[in-house]
1. Simple spin-label model, 7 Å along Cα-to-Cβ: residue 372 to residue 91 in nm?
2. Report ³J(HN,Hα) in whole Hz for each residue of the range 19-28, in order, from the Karplus equation J = 6.51 cos²θ - 1.76 cosθ + 1.60 where θ = phi - 60°; Gly and Pro get x.
3. Report, by chain and number, residues whose modeled amide H sits under 5 Å from the one on residue 7, excluding near sequence neighbours (fewer than 5 apart, same chain).
4. Quick one: net charge around residue 220, please, counting Lys, Arg +1 and Asp, Glu -1 for every other residue with C-beta under 12 Å from its C-beta.
5. On a 31 Å Cα-Cα criterion, which of the cross-link pairs 303/350; 227/299; 245/299; 69/303; 220/295 come out too long?
6. What distance in nm lies between label points placed 7 Å from Cα along the C-beta direction at residue 358 and residue 442?
7. Too long at a 22 Å Cα-Cα cut-off: which of 23/413; 413/454; 230/281?
8. In which sequence would 184, 396 go, from the one with the fewest C-beta neighbours within 10 Å to the one with the most?
Amino acid sequence: MDPDSRSTVIIIGAGVSGISAAKVLAENGIADLLILEASDRIGGRIRKESFGGVSVELGAGWIAGVGGKAPNPVWEIAAKFGLRSCFSDYSNARYNIYDQSGKIFPSGIAADSYKKAVDSAIQRLRDQESNCVEDVPDGTESPLTPIELAIDFILHDFEMAGKLFHSCFSLFGFQEKSKVEPISTYVDFGEREYLVADERGYEYLLYKMAEDFLFTSEEKILDNRLKLNKVVRELQHSRNGVTVKTEDGCIYEASYVVLSASIGVLQSDLICFRPPLPRWKTEAIEKCDVMIYTKVFLKFPYKFWPCGPDKEFFIYAHERRGYYTFWQQMENAYPSSNILVVTLTNGESKRVEAQPDEETLKEAMGVLRDMFGSEIPTATDILVPRWWNNRFQRGSYSNYPIISNNQVVNDIKAPVGRIFFTGEHTSERFNGYVHGGYLAGIDTSKALLEEMRKNENTSFLREPLLALTESDTVSGLQKCDVPTQLYLSGKLGISEAIL
Ligand SMILES: Cc1cc2nc3c(=O)[nH]c(=O)nc-3n(C[C@H](O)[C@H](O)[C@H](O)COP(=O)(O)OP(=O)(O)OC[C@H]3O[C@@H](n4cnc5c(N)ncnc54)[C@H](O)[C@@H]3O)c2cc1C
């Protein structure tokens, strides 16, 4: 063990939540912090890559929730550092729905189909809300047509359920908005979305945040407190602190840990907890769905698709749901780049991640030839991100069941002893978004600082309750799960929790 490997706080993960958590701790006088990041870079799910002569965003692309009464904090940081972005107007996609013979659906048919799909989605949600119906078709519905399937896909799979309701309402120009559950991002921060199109990448914001508390030079972080390529495999925690073991055999010790690994990673066996996490925690982690969202980038020698701001998005209607449905041309973001992006989700994402890129190219070209004719050129390059197969991500973002109470997210967020949890999935209002991760990092660090202050005064009282030693058995843990949980969620005081 390095002589300097004992820290007050170890932050696991250098995505937006880990960096914002570390920044708050540093600003509050915790200088001996350590950030352990599994990959060779900071940013996590904010990641740029050079493709076709420009910088494309493989992960988060949009700053969502702009133009409302309250400022989106990520938008503010982006404005401060002059990050280039362009407004995305999804509403035009309704005029650009192609059938398999390349014809654009007349606006009347498109309007009827999306009204039908939106009505039925809202009805399904209402039914679920009132617990009348399970979310399964009863077999009496008529099969959906390709255009209905395309719209149904956009409603349910394109982005997470929460986002998607916003997207579809603006996509299809509905004024009514969801009557079911308002979406915090759009209610709080506004309805507009801006696509980041900056050569420095969305991740530039993270470097600028890190610059405030880590030593940097020429846009590189040269601070020993950030350690890259450190894959945390084990967290051994007790009343005295946490021992962190990494895949390369290093051991680090800290009084506290802030763990920002994604919900997909928490559901995997990458990190072993000793003693194991209590049951209320693991059950909550299992309840949260993981969305996979894949942007496939294709570079062409020249443009063959219609251009102009109202042509930025287009939809392909196929009898197979989610089959290369949602397309974006990058001319607005990167003029003359000749790049198209098609978005796949969940099952289609997994399928495409598992096959060679040449196969994906063949499929995508088949779809484009359906829409634009057999004469179009084959793409010269393809880029297929693999978020599901990345063991440091295991998916793209969290998706809480629409009809779920706050208890699940509260349990996922609640600390276990000296391990504090952060990340977009711990954000009650903004999970799934960059600003969700950013704000979660701040919240978690504030909670930790509060805990540290309390501990200075009351450690003699709290330690018996939260202390978990290696000899604790799983059943022993379960006995104290309920009071511990209630104590951590602020519903019980210490004395009640101990009783
Ligand atoms: C394809 C895609 C599209 C998206 N689109 C948008 C969008 O348009 N707008 C938007 O607002 N949001 C979008 N998001 C969501 C957004 O990217 C995330 O919500 C946000 O970046 C999550 O930040 P985080 O810090 O919570 O997690 P992460 O960024 O995942 O950071 C966690 C870090 O922990 C590291 N880690 C994991 N396990 C270990 C371990 N065992 N040891 C050490 N380190 C570990 C990871 O490598 C990672 O760097 C998108 C995400 C994806 C993938």
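1. 2.7
2. Each residue's phi maps through the Karplus curve to give 5, 5, 5, 5, 4, 5, 5, 4, 5, 9 Hz.
3. 253, 254, 255
4. Taking every other residue near residue 220 into account, the sum is -3.
5. Going by Cα-Cα distance, 227/299; 245/299; 69/303 fall outside the 31 Å limit.
6. It works out to 5.0 nm between the two label points.
7. From 23/413; 413/454; 230/281, over 22 Å: 230/281.
8. 184, 396
Rule-based calculations on the coordinates, nothing more; no lab input. Source: prediction; values computed, not measured. Glycine gets a Cβ as well: all are built from the backbone with ideal geometry, and neighbour counts include every protein chain shown.
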